[in-house]
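Coordinate-derived values only; no laboratory data. Everything numeric here is computed off the predicted structure, so don't read it as measured data. All Cβ positions, glycine included, derive from the backbone under ideal geometry; neighbour counts span all protein chains shown.
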Amino acid sequence: FDVLEQGNGVVALRAVVNGKLVCAENGGTAPLIANRAVIGLYEQFSWISNADGTLSLLAHANSRYVCADNNGAAPLIA
């Protein structure tokens, strides 16, 4: 993925494979998917630096963190 900085810690993610933007579909309740051409609310994420050196993504679609449920075996959702 390419990280597209939008300012103030806001980013959009563009998939290299198809050039589309990652979207938090259905207000963040559906799996993240790279299917959008334009950056809107559902394509914006806050890039959060955690104290332990990791990063988190907070979806602007629903103000929830992106997570990998089922130990990463389930699709990413917000």
Based on the Cα coordinates of the range 1-45, what is the per residue volume of their convex hull in Å³? 66
What percentage of all Cα-Cα pairs in the chain are separated by more than 14 Å? 60
The chain, relative contact order in percent, only Cα pairs under 8 angstrom and at least six apart counted: 24
Full extension between Thr29 and Asn62 adds, at 0.36 nm per residue less the Cα distance, a length in nm of 11.0 nm
Dipole in debye (nearest 20) - the chain, about Cα centre, beta carbon charges: Lys, Arg +1; Asp, Glu -1: 160
In the chain, with Lys and Arg counted as +1 and Asp and Glu as -1 at Cβ, which of these residues, Pro75, Val38, Leu13, has the Cα nearest the positive end of the dipole, that is, farthest along it? Val38
